[in-house]
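Remarks on the structure that follows.
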Amino acid sequence: MRGRAVLCLEALTQSLPQVLPFKKAIPGSLEVGMAIYIEGVPSKDPKRFAVDFVLESKSEVDIAFHFNPRFDSGDKVIFNSLQSGQWGEEKVKNSLPFKEGERFELLVMVLKEHYKVSVNGNPFYEFVHCMPLQAVTHLHVYGDLIVHYINFIDCSPAPLQVAVGCNLLCCNLPKMQAPPAFNPPVPYVVNLLEGLIPNKTFIIKGLVLHSTDNIAINFSVRATGDIALHFNPRVPRGVVVRNSFLNGQWGPEETTLSCNPFVPGQPFDLLICASPYGFKVFANGQHIFDYQYRMFVFTTVNMLTISGDIRLSYVHV
């Protein structure tokens, strides 16, 4: 079986020109268990934009799934497919969860029977497959939209995953430091040999024990004790605290969360991306929060520590 991949695209700065249309190959091929996360903002006076799952060949371009929000024709979303130059029957949802100038999070999960679309953490639509998943080769995003971030996420339970980071201009990114650790003991401590490199990806899987009180995942500087990110699920209270410990002091806590994956007796699957601007954290295939760096030089972070009342099944750095 081929190696799986997570493609982490770094966030765009405001000074960069518009990068649409976005046309990139999907790592490997599309498979059940993958998800595509898009963070963006509809541009001023938007008419429509589209996200297409494309089958590219030398002779033609087919579209397995066409996701097409339309602001200019009754605030609706069109779902369709294009095969051999012919569009299928349009599916329409007369609801538009996107607004001009407002940031959104779009997640498309690839399930066995259909694509499952969520917007801002809320289920939105399911589009039944009409073409083979393995034939889908590219993702196209275009229209009246400013894209901030695109992430291909492997949400499947496959034990081996390889992370590959990539910005929109080059593909010269960090590899995983070492083979994955299976069922490592807690607390788990690992030195980050090259520091916290932009686009570095961390995968952490485990189980929240029924007796769990506190969990801590710390990205820190060994020499000074500074903590760039203190990721602290407090399970009995249902709160996930994020903070930094710098120069001997804790900063202000952040607790807002799109969903809380830390439930007693339930497994969790974390993917943490270190973008050039901050940490992006996904849980069980869903983006749950961003955390902006508070350290001036975040590349000095050289240690990851995982502790608390959990059972780890897989860690890959």
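What follows draws every value from the coordinates through simple rules; no lab data is involved. No experiment lies behind these values; they were computed from the predicted model shown. Ideal geometry is used to build each Cβ from the backbone, glycine not excepted, and the neighbour counts take in all protein chains shown.
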Fill in: Convex hull projection area averaged over all views, the chain, Cα basis, nm²
17.4
Worksheet item: Restricting attention to region 74-149, which trypsin sites (Lys or Arg not before Pro) occupy a DSSP loop and are surrounded by at most 13 other Cβ atoms within 10 Å?
Response: 99, 103, 112
Worksheet item: Going by the alpha-carbon gyration tensor, a ≥ b ≥ c the square roots of its eigenvalues, is region 4-154 rounded (a/c under 1.5) or, if a/c is not under 1.5, prolate (a/b greater than b/c) versus oblate?
Response: rounded
Worksheet, complete the sentence: Listed by chain and number, the lysines with an alpha carbon less than 17 angstrom from that of residue 93, same-chain partners under 8 positions apart left out, are 47, 76, 116
Response to the item:
The longest stretch of the chain containing none of the GluC sites (Glu not before Pro) that sit in a DSSP loop with at most 15 other Cβ atoms within 10 Å is 114-193
Worksheet entry | Dipole of the chain, positive direction: furthest Cα of 30, 265, 313, with charges on the beta-carbon | 313
Worksheet item: In a shell of Cβ-Cβ distance under 12 Å around residue 299, excluding residue 299 itself, what net charge do Lys and Arg (+1) and Asp and Glu (-1) give?
Response: 0
Practice prompt. Please identify every one of the chymotrypsin sites (Phe, Trp or Tyr not before Pro) in region 200-288 that sits in a loop by DSSP and has no more than 10 other beta carbons within 10 Å of its own beta carbon.
Written response: none
